[in-house]
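The values are calculated or read from the model by the stated rules, or taken from the named source; none is laboratory data. Because the structure is predicted, anything quoted here is derived from the model rather than measured. Neighbour counts run over all protein chains shown; Cβ positions are idealised from the backbone, glycine included. Heads up: the accessible areas ignore ligands, DNA and RNA and are worked out on the full protein's heavy atoms, side chains in. Shrake-Rupley method; radii C 1.70, N 1.55, O 1.52, S 1.80 Å.
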Amino acid sequence: LGWDQRKGFDALYQVWSRLCRRADWDVDLLVAGGGSALEHWRNEVAKAGLAERIRILGFVRNVPDLLASADLLIS
C-alpha cells in the first residue's frame with residue numbers, strides 16, 4: 001500500500017467501492033500488507049462507510065492461514 005500505486009490497490013478500491021453499492025454484492029475484501037499509504041487507505045475506507053466491507057489488516061504474519069481461508073486472491 002505504497003504511494004506509487006504499483007500494486008494497483010487504487011483501481012481495486014474504486015471497483016470494489018462500486019460493487020459494494022449493489023444490493024446483490026455480499027463479498028467482503030480483506031487487505032493484507034503495510035506501506036506508507038496504509039493509514040490513508042484506512043481513512044478512505046472509513047470516510048466511504050465501507051469499513052465493514054473492506055477491512056485493511058495491515059502487516060500480517062499468518063499469510064498462509066489467510067490464504068487458506070480466502071475464496072479468491074487478487075494480486
inquiry  = Tell me the relative contact order for the chain as a rounded percent, counting alpha carbon contacts under 8 Å between residues six or more apart.
reply    = 34
request  = Apply 1/(1 + (r/R0)^6) to the Cβ-Cβ distance of R18 and L57, taking R0 = 25 Å, and write down the FRET efficiency to the nearest 0.05.
outcome  = 0.65
note = Among W41, W25, W16, the residue with the largest mean-square fluctuation in a Gaussian network model of the chain built from Cα contacts under 10 Å is W25
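At 1.4 Å probe size, with the rest of the protein present, what percent of the exposed accessible area of the chain is carbon and sulfur atoms?
Carbon and sulfur atoms account for 52 percent of the accessible area of the chain.
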key: Measure of compaction for the chain (Cα Rg per 2.2 N^0.38 Å)   = 1.08
note = S36 and I74 label points (each 7 Å along its Cα→Cβ direction) are spaced in nm at 2.4
key: Assigned charges on the beta-carbon of Lys, Arg, Asp, Glu; the chain dipole about Cα centre (debye)   = 160
task = Over the chain, give the accessible area per residue in Å² for a 1.4 Å probe, as an integer.
result = 74
